[in-house]
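Engineer: One structure follows; several queries about it will come next.
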Amino acid sequence: MSNSANIRKRAEKIRKRRQRKQERRLREQSVNKLSMVLVSLVVFAITMLVTVGGKELKSKIDKKDEQLNRLNQEYELEQKRTEEIEEYGKYTQTMGFVEEEAKDKLNLVHDNEIQFREEK
């Protein structure tokens, strides 16, 4: 073989090697692009799920806040009612209550009082 034939063979080998490298690089780039697209889709899907889930949680929190406010108001009303009942309980233990009940229900009067009745 001549020197020029060897040079052509070497040049052909080098050209084929470069072509294979370039093809490999193109395949890797297309795989990389596909991977980037898939990763972007996954990130987008996760973002959408978090956004929708966040709105649902916000809605639930708002409902629970309303319920808590309503229950706090009911609690305050029940506290006032409890105080009124306790005060009435103390009043029922007094002599004034006993006298009032005796006058209203039993028509009793003190010795120095005059009772007027309506004629029927």
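The values are calculated or read from the model by the stated rules, or taken from the named source; none is laboratory data. These figures come from a predicted structure and were not determined experimentally. No Cβ is skipped: glycine too gets one built from the backbone with ideal geometry, and neighbour counts run over all protein chains shown.
Engineer: Please list, ordered by first then second residue, the pairs with beta carbon atoms under 9 Å, 6 or more apart or interchain, first in the stretch 16-27 and surrounded by 10 or more Cβ atoms within 10 Å (Cβ to Cβ), second of a type outside the set (Val, Ile, Thr).
Structural biologist: none
Engineer: If you don't mind, there's one more thing I want to ask. Pairs only if they're at least six apart or on different chains, beta carbon under 8 angstrom, first in the stretch 105-120 and part of a loop (DSSP other than H, G, I, E, B), second of a type in the set (Gly, Ala, Ser); list them, first residue then second.
Structural biologist: Note: pairs meeting the criteria are Leu108/Ala102.
Engineer: Regarding the stretch 29-50, can at least one residue be identified that is under 36 Å from the mean Cα position of the chain (by Cα), assigned to a helix (DSSP H, G or I) and charged (D, E, K, R)?
Structural biologist: Checked against the condition, which is being under 36 Å from the mean Cα position of the chain (by Cα), assigned to a helix (DSSP H, G or I) and charged (D, E, K, R), the stretch 29-50 yields no hits at all.
Engineer: In addition: Restricting attention to the stretch 68-108, which residues are surrounded by 10 or more Cβ atoms within 10 Å (Cβ to Cβ), at pLDDT 80 or above and over 57 Å from the mean Cα position of the chain (by Cα)?
Structural biologist: Within the stretch 68-108, Glu99, Ala102, Lys103 meet the criteria.
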